[in-house]
1. Which of the residues that make up segment 467-479 are farther than 20 Å from Thr396 by Cα and under 28 Å from the mean Cα position of the chain (by Cα)?
2. Considering segment 77-104 alone, what residues qualify as being under 19 Å from Leu65 (Cβ atoms), in a loop (DSSP other than H, G, I, E, B) and in contact with a helix residue (DSSP H, G or I) (Cβ under 7 Å, 6 or more places away or on another chain)?
3. Give just the number: which of (1) of a type outside the set (Lys, Arg); (2) at pLDDT 95 or above; (3) more than 24 Å from Ala146 (Cα to Cα) does Tyr97 not satisfy?
4. Looking at (1) modelled with pLDDT of 95 or more; (2) farther than 18 Å from Pro443 by Cα, which is the only condition Glu2 fails?
5. Give all pairs with beta carbons closer than 8 Å in which a residue from segment 482-493 that is within 18 Å of Met444 (Cβ to Cβ) meets a residue that is assigned to a helix (DSSP H, G or I) and of a type in the set (A, V, I, L, M, F, W, C); count only pairs at least 6 apart in sequence or on separate chains.
6. Pairs, please: C-beta under 6 Å, at least 6 apart or cross-chain, first residue more than 24 Å from Tyr303 (Cβ to Cβ) and in segment 265-290, second among the β-branched types (Val, Ile, Thr)?
7. Where in segment 132-199 are there helices (runs of 4 or more DSSP H), lying fully within it, with 2 or more residues that are more than 21 Å from the chain's Cα centre (by Cα) and crowded, with 19+ Cβ neighbours inside 10 Å?
8. Search segment 214-243 for residues being outside any loop (DSSP other than H, G, I, E, B) and in contact with a Lys or Arg (Cβ under 8 Å, 6 or more places away or on another chain), and hand back the single one that is surrounded by the fewest Cβ atoms within 10 Å (Cβ to Cβ).
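The values are calculated or read from the model by the stated rules, or taken from the named source; none is laboratory data. No experiment lies behind these values; they were computed from the predicted model shown. So basically every Cβ, Gly included, is an ideal-geometry build from the backbone, and we count neighbours across all protein chains shown.
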Amino acid sequence: MERASGILLHITSLPCPYGTGDFGPEAYRFVDFLQSAGQKIWQVLPLNNPDPLGSPYASVSSAALNTLLISPDQLVSDGLLPKNALPKPAPVQLVDYGMVKLQKTLLVQKSYSHFMGHASQEQKKNFAAFQQAQDGWLPDFSLFMALKDHHASKPWHQWPQELANRQPESLSKWAKKLAHEIAVHEYGQWLAFSQWERLKRYTNEHGVVIIGDLPFFVGRDSVDVWTNKQLFLMGADNKPTFVSGVPPDYFSKRGQRWGEPQYDWGAMQKTGFAWWIERFQRLRQLYDIIRLDHFRGYHALWYVPSGAKTARIGEWRDVPGEKLFATLLAQTKKLPCIAEDLGFMTDSAYALRDSLKLPGMRILLFAFSGYADSPHLPENFVTNCVCYTGSHDNDTARSWVTKTGRAIERHNARVYTSASNEEFAWKLIKAGMHSKADTFIAPMQDVLNLGAEARMNKPSTKRGNWLWRMQPNTLTQYLSDKLRKLTESAGRG
């Protein structure tokens, strides 16, 4: 990458007036802010459907987009929704995923009804073209979602056996029975993809590239597992035999038991890694650069027995990552990716990263343990890395330095930056900006110098995450000028 900087801000955190951030006007205003502030990168979290608690890392589909991100304002401007059908604007508060899901589900249904009666020939043609282009995953996804709706959102493994086991006669019967519901889900995906494509094009035209995530695992209750059980370590009872997680580390003394089914890498390899290749190709259309979450997993994975309550119990097993990436490169020729190489890494995992010439990650909040050789200290950086003040899993810089960091680390950080608690976030941003890392990215929360109330996620906890939203009118000219001045002084302008 060329020397550049940017901001990490997930779409849900934008200050839109309909319960959550979306692909509408506030997203475009944020792009304008990035350009004005001299930033060349916008990093987002996964755009997949989140779980009921809002986690975009536990989606029902690795291919589908989150329809909660559809902009009502754009539906009206595109003639796909009557203005009188707009939801009532509300103050910007923490995301209430249950409420937003009900609201956006009704919105898509209203829009589909309007589309069927008022769409132009061009719009109908575009929808049909989308259905044809996404035929590899869209029909299965839409049937899956229609069946979930019909079965009161129960996971697929609790459906009747003929559906859970995908008996062709049963699938055919239900596809006919739920034809309207399936069409609505396909329509919702068209809306989401169309709005994101337009936003991405605007972003790129304004000199900004988008970094997006590839979550390593997919959830058990996903269309991916339902349609490809042979590619996962699943028993005949539709229960996983081993699940995902990591052993005890910086984030958790008990380890993290994520619970997704482990892949059957032997079966994956026999298909030429077709499922992975298709997944990479789809993400290359969504993002300019892909952040490979849990890069350690492409070399070895922590296999937790499905009956274990924590991730303390488990074992490392090798993964054919070299063969996977060789197959991928043979087809795509380019690998514009970032390796999330945090946590427990081995020399072999680093060697895989380096053989692919991928930049790794450096987190400044990890730099102050007192070890002079810490790879997270700016003086120890290599140029081919991406420096962050913190990631979506960290507390904000201000909250960390005032209360949640270890006392010795907070002391070391204040000494290192010569900063008071009030100044610390921006002093940390300055350190990252002026480091030799090719790329520097700051979470928006640190740019705004916010406290614990703005934390996005706390690993190993299930509730209270993914909720933060930026307030309206915070993207001031003063903030833009301040960020641009610092960026230019660091040679990233």
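1. Of segment 467-479, the ones farther than 20 Å from Thr396 by Cα are 473, 476-478.
Hits for segment 467-479 are Asn473, Thr476.
2. Start the filter on segment 77-104 by keeping residues that are under 19 Å from Leu65 (Cβ atoms), which leaves 78, 80-81, 95, 97, 100-104.
When the remaining residues are screened for being in a loop (DSSP other than H, G, I, E, B), the result is 78, 80-81, 95.
Those that are under 19 Å from Leu65 (Cβ atoms), in a loop (DSSP other than H, G, I, E, B) and in contact with a helix residue (DSSP H, G or I) (Cβ under 7 Å, 6 or more places away or on another chain): Leu80, Leu81, Val95.
3. Result: Tyr97 fails condition (3) only.
4. (1)
5. The qualifying pairs are Leu483/Val447; Leu486/Ile429; Leu486/Met433; Thr487/Met433; Arg492/Met433.
6. Partner pairs satisfying both residue conditions: Leu283/Ile290; Tyr287/Ile210; Asp288/Val209; Asp288/Ile210; Ile289/Ile211.
7. Values: elements: 138-150, 161-164, 168-177.
Hits in segment 132-199: 138-150.
8. Keep residues of segment 214-243 that are outside any loop (DSSP other than H, G, I, E, B), which gives 214, 223-227, 229-232, 234, 240, 242-243.
Of the ones still in play, those that are also in contact with a Lys or Arg (Cβ under 8 Å, 6 or more places away or on another chain) are 214, 226-227, 240, 243.
Working: Leu214: 20, Trp226: 25, Thr227: 17, Pro240: 20, Val243: 24.
Among them, the one singled out is Thr227.
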